[in-house]
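Some notes on the structure that comes next.
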Amino acid sequence: MGLLKRTVEKFAQDQRDFFESGLTDEDKAKQASVPVVTVAMEPGSGGFLVAEALAKRLGFDLYHRNILNAIAHSADTNSDVLDMIEKERFSKIQDFVSSLLQEQYVYSGDYVQHLTKMVNSLGIIGRAVIVGRGANFILPPEKRFAIRVIAPEEIRVKNVAFQFGVTLAEAKKRIKKRENRRKTFIKNTFHKDITDVESYDLILNTARLDLQAAVETAIGTILGAQKNRVFEKATAFILRGEK
């Protein structure tokens, strides 16, 4: 067994032992070394595959579309309504019209409140990989390790065309539409630019890394950050100005 594999397995086991202990949520939040990993991505970059493989390697729970079920339960609605809100990113006027047509409708502002509450809860519980939904903008830096997965547009278009069996033109159209929705959601909700590199701890370019290499890179960086106790503070300094 390689050194990295042994280290990852020990890390995962330590995390499991830690969270199965009798500590309170407050104690866990204070002592957890890597509470949450967030994975944002450009459409077609393969970010979900990276998140899925990373969660499996670390022994963490993966939260993607399944997070809608938890929010739906909290908001007393169904996940289909939330799915529509996520896909359409409704304006206030669209919110109002939709509320007249659907008895269980949840306003987008209420959805964000439930989402924030859910993500913050995961930040306390820990051992989670959260895909998208602006989770890295909800949790403070010391409570998460934020990854963004990217790739050149040409490659992403080919990936989407292959995955869904559509033309390159249709794939490009889908990517642009999803990109615009995600950018708008992050800007309107968190007043942030989703492409700002300073909002992430690690950028993975899948044009240069295959799935295994991307996951190994992420794990190596997380383990290094854990060893240097980066997750105990909001900012770490590589240059301290000390003599």
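The set of residues in region 168-206 that are within 17 Å of Pro43 (Cβ to Cβ) and either surrounded by fewer than 14 Cβ atoms within 10 Å (Cβ to Cβ) or among the polar types (S, T, N, Q) (or both) comprises Leu168, Ala169, Lys176, Lys177, Asn180, Thr184, Lys187, Asp193, Thr195, Ile203, Asn205, Thr206. Determine whether region 217-226 contains at least one residue that is in contact with a helix residue (DSSP H, G or I) (Cβ under 8 Å, 6 or more places away or on another chain) and not in a helix (DSSP H, G or I). Scanning region 217-226, I find no residue that is in contact with a helix residue (DSSP H, G or I) (Cβ under 8 Å, 6 or more places away or on another chain) and not in a helix (DSSP H, G or I), so the answer is no.
From the list Phe185, Phe162, pick out the single residue that is among the aromatic types (Phe, Trp, Tyr), assigned to a helix (DSSP H, G or I) and under 23 Å from the mean Cα position of the chain (by Cα).
Working: Phe162 fails: under 23 Å from the mean Cα position of the chain (by Cα).
The match here is Phe185.
Among the residues making up region 165-178, those that are assigned to a helix (DSSP H, G or I) and either over 18 Å from Ile150 (Cα atoms) or touching a helix residue (DSSP H, G or I) at 6+ places or on another chain (Cβ under 7 Å) (or both) are Leu168, Ala169, Glu170, Ala171, Lys172, Arg174, Ile175. Examine region 188-198 for a residue that is touching a residue at least 12 places away in the same chain (Cβ under 8 Å), among the hydroxyl-bearing types (Ser, Thr, Tyr) and part of a loop (DSSP other than H, G, I, E, B), and state whether such a residue exists. Yes, because at least one residue in region 188-198 is touching a residue at least 12 places away in the same chain (Cβ under 8 Å), among the hydroxyl-bearing types (Ser, Thr, Tyr) and part of a loop (DSSP other than H, G, I, E, B).
Here is a yes/no grid of residues against (1) at pLDDT 85 or above; (2) farther than 23 Å from Ala55 by Cα; (3) among the hydrophobic types (A, V, I, L, M, F, W, C):
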{"residue": "Asn159", "(1), (2), (3)": "yes, no, no"}
{"residue": "Phe162", "(1), (2), (3)": "yes, yes, yes"}
{"residue": "Ser199", "(1), (2), (3)": "yes, no, no"}
{"residue": "Leu202", "(1), (2), (3)": "yes, no, yes"}
{"residue": "Asn205", "(1), (2), (3)": "yes, no, no"}
{"residue": "Ala214", "(1), (2), (3)": "yes, no, yes"}
{"residue": "Glu232", "(1), (2), (3)": "no, no, no"}
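Return yes when Arg181 is under 30 Å from His114 (Cα atoms), of a type in the set (Lys, Arg) and in contact with a helix residue (DSSP H, G or I) (Cβ under 7 Å, 6 or more places away or on another chain) and no when it is not. Here the answer is no, as Arg181 does not meet what is asked. Number of residues in region 118-151 that are over 19 Å from Ala225 (Cα atoms) and among the aromatic types (Phe, Trp, Tyr) equals 1.
Residues of region 141-157 that are among the charged types (D, E, K, R), assigned to a strand (DSSP E or B) and at pLDDT 95 or above: Arg148 alone.
The values are calculated or read from the model by the stated rules, or taken from the named source; none is laboratory data. A quick note: this is a predicted structure, and the numbers were derived from the prediction, not measured. Note that each Cβ is placed from the backbone with ideal geometry, even for glycine, and that neighbours are counted across all protein chains shown.
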